[in-house]
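All remarks here apply to the structure that follows.
Readers should treat all values here as calculations from the given coordinates under stated rules, not as data from a laboratory. All figures in this text were calculated on a predicted structure; none of them were measured in a lab. Virtual Cβ from ideal backbone geometry, glycine too; neighbours counted across all protein chains shown.
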2 protein chains.
Amino acid sequence: MYFHAFESIAPKEIAPGFLCQLIHTEHNTINFLDVAAGSTLPLHQHPHHQSSFVLQGEFEMTVGGTTQVLTPQNYCLIPGGVMHGGKALTNCKILDVFSPIRQDYR
Amino acid sequence: MYFHAFESIAPKEIAPGFLCQLIHTEHNTINFLDVAAGSTLPLHQHPHHQSSFVLQGEFEMTVGGTTQVLTPQNYCLIPGGVMHGGKALTNCKILDVFSPIRQDYR
């Protein structure tokens, strides 16, 4: 009841090359993504706050008109409603934390 | 303003062997921990929901009286008020997501 296995989460491809394992908790959606090099996520926005961490690899991220390469050494915090998107420069493992829960990803 | 570097977060030792880099967002505290092998965190509880992920290594976790070894293949979700604690079986990198913000860690 407290412990869970990643293998029991069916991966979901939310965009071409973006394979997600989604965990919905009490107040958050926590998303572990495997992203294939070269895959792009077009600029978009949602009302949820998003914290993004690149656990492995390099991801070129644009947030609110500013572009920076995310690596395991940095991260970005995206308030709700701010346009963002990007491109995987290498194969990446990415962690996104959303608040509140992404009902659209359930 | 959206992008941040981990090197700008001063590590905080919340218990012997548990070195934290804490990020406080709009609704969450996100904690990246380096834990030294053999370090133990006594059983404790707090009103915050906690999601715990072992990114590297093995951590023997007890939650609500049940003990399991956390690895990168599994995770645990700890509702507020549930007793938990554990021991690092190896050096570990751990990610904890708390909701709401841990004001006591600010």
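For the reader, a short list of remarks on this structure follows.
- Tensor-based shape of the protein assembly as shown (alpha-carbon gyration tensor, a/c under 1.5 rounded, otherwise prolate or oblate): prolate
- Relative to the Cα centre, the charge distribution of chain A, modelled as +1 at Lys and Arg Cβ and -1 at Asp and Glu Cβ, gives a dipole magnitude of about 100 debye.
- For residue A:73, the distances from its label point to the matching points in the remaining copies are 3.4 nm, ordered from shortest, with each point set 7 Å beyond Cα toward Cβ.
- Our summary gives chain A a relative contact order of 33 percent, counting only alpha carbon pairs under 8 angstrom and 6 or more residues apart.
- Here is how far apart the residue A:43 label points are across copies: 5.4 nm, shortest first, using a point 7 Å from Cα toward Cβ.
- Residue mean of other protein chain beta carbons inside 10 Å, A:87-100: 2
- Pairs from A:87/B:12; A:93/B:87; A:12/A:93 whose Cα-Cα separation, in the structure shown, is over 23 Å: A:87/B:12; A:93/B:87
- Protection proxy ranking of A:2-11, A:44-53, by the mean of other Cβ atoms within 10 Å over each peptide's residues and highest first, is A:44-53, A:2-11.
- Distances between copies at residue B:19, taken between label points 7 Å from Cα along the C-beta direction, are 3.4 nm in increasing order.
- By the Stokes-Einstein formula, at 1.306 mPa s and 10 °C, region A:21-105 with its Kirkwood radius over alpha-carbon pairs has D equal to 124 µm²/s.
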